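Enquirer: Can you read through this structure? Questions will come right after.
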Amino acid sequence: MSNVDVLIAATQHKIDALEQVKKALLQRLFDQSWRFDGYLETWKKYRLGDHAEILTGGTPKTSVAEYWEPKSIPWMSSGEVNKVYLDQTDTMISLEGFKNSSARWVKKHSILIALAGQGKTRGTVAVNNIALTTNQSIAAIIPGKDLYYEFVFQNLTNRYNELRLISSGDGTRGGLNKQIVSDVTIHSPNLNEQIRIGKLLSKVDHLSTENQLKLSRIELIKKYLLQTLFI
């Protein structure tokens, strides 16, 4: 059992180390104190709404069964931003539900930001790896051709506290909205450097996820062994 505990501790150490690496990279990459070789071009300042399409969604009436059955269209609620990378949604709506609500298709590799939500949800961002629809508490940011989705996602992830702050000001009623998101400014290098930055940070995210899954598996093994040994 001691070997299992050592493996758990080692895996947790990797997760903690990757978290620190991610924090350092976010800070140094976005304050431009560290750049890839050969990239010297001055970053430009954009208003997000001028370089991305911003969409909000809607919810079909829950009292109309035909809007929810048969389930055919992925539909995302605001709490699902905590998944970070979405390959599926917890709920689906019917074609009739889509036609009779404000839900809109969001193409894959968009950035999804929670406009409201309990606890830490508001201001959290995610990326959809599938085309989907959302409820009205999410704004979908669909980057234009001069913005790389992973770069925008990582940029906004790094600005979580800022997004929370601006959504708590006068007149916001404690939430973000489409206009606030559109007015967010983003400093950005050229597309090639955006891709380099986005892919590097994404790789760290995926390594962290892999180790989280590994830790969960090891902990399940430990639980099984304990149950077996003490039967």
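Every residue, every condition in (1) modelled with pLDDT of 95 or more; (2) aliphatic (A, V, I, L, M); (3) in contact with a His (Cβ under 7 Å, 6 or more places away or on another chain), yes or no:
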position: T121; (1), (2), (3): no, no, no
position: I142; (1), (2), (3): yes, yes, no
position: V152; (1), (2), (3): yes, yes, no
position: L156; (1), (2), (3): yes, yes, no
position: Y160; (1), (2), (3): no, no, no
position: L176; (1), (2), (3): no, yes, no
position: N211; (1), (2), (3): no, no, no
position: L225; (1), (2), (3): no, yes, no
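Enquirer: Now for a separate question. Is it the case that some residue within the range 93-103 is open to solvent by 60 Å² or more (accessible area, probe 1.4 Å) and either touching a residue at least 40 places away in the same chain (Cβ under 8 Å) or assigned to a loop (DSSP other than H, G, I, E, B) (or both)?
Expert: Scanning the range 93-103, I find at least one residue that is open to solvent by 60 Å² or more (accessible area, probe 1.4 Å) and either touching a residue at least 40 places away in the same chain (Cβ under 8 Å) or assigned to a loop (DSSP other than H, G, I, E, B) (or both), so the answer is yes.
Enquirer: Just to verify a result, which residue in the range 140-167, among those that are in a strand (DSSP E or B) and more than 12 Å from the chain's Cα centre (by Cα), is surrounded by the most Cβ atoms within 10 Å (Cβ to Cβ)?
Expert: Going through the range 140-167, the residues in a strand (DSSP E or B) turn out to be 140-143.
With more than 12 Å from the chain's Cα centre (by Cα) added as a condition, the list becomes 142-143.
Details: I142: 16, P143: 20.
Within the range 140-167, the match that is surrounded by the most Cβ atoms within 10 Å (Cβ to Cβ) is P143.
Enquirer: Can you tell me which condition V4 does not meet? The list is (1) in contact (Cβ under 8 Å) with a residue 40 or more places away in the chain; (2) among the hydrophobic types (A, V, I, L, M, F, W, C); (3) within 25 Å of F153 (Cβ to Cβ), and all the others hold.
Expert: (3)
Enquirer: Would you mention how many residues in the range 176-206 are closer than 24 Å to D37 by Cα, touching a residue at least 60 places away in the same chain (Cβ under 8 Å) and either out of contact with any strand residue (DSSP E or B) (no Cβ under 8 Å at 6 or more places or on another chain) or not in a strand (DSSP E or B) (or both)?
Expert: Summing the residues that are closer than 24 Å to D37 by Cα, touching a residue at least 60 places away in the same chain (Cβ under 8 Å) and either out of contact with any strand residue (DSSP E or B) (no Cβ under 8 Å at 6 or more places or on another chain) or not in a strand (DSSP E or B) (or both) in the range 176-206 gives 10.
The values are calculated or read from the model by the stated rules, or taken from the named source; none is laboratory data. Quick caveat, the model's predicted, so the values are computed rather than measured. Backbone-built Cβ (ideal geometry, glycine too); neighbour counts: all protein chains shown. Note: areas computed on protein heavy atoms with side chains; ligands, DNA, RNA excluded. Shrake-Rupley method; radii C 1.70, N 1.55, O 1.52, S 1.80 Å.
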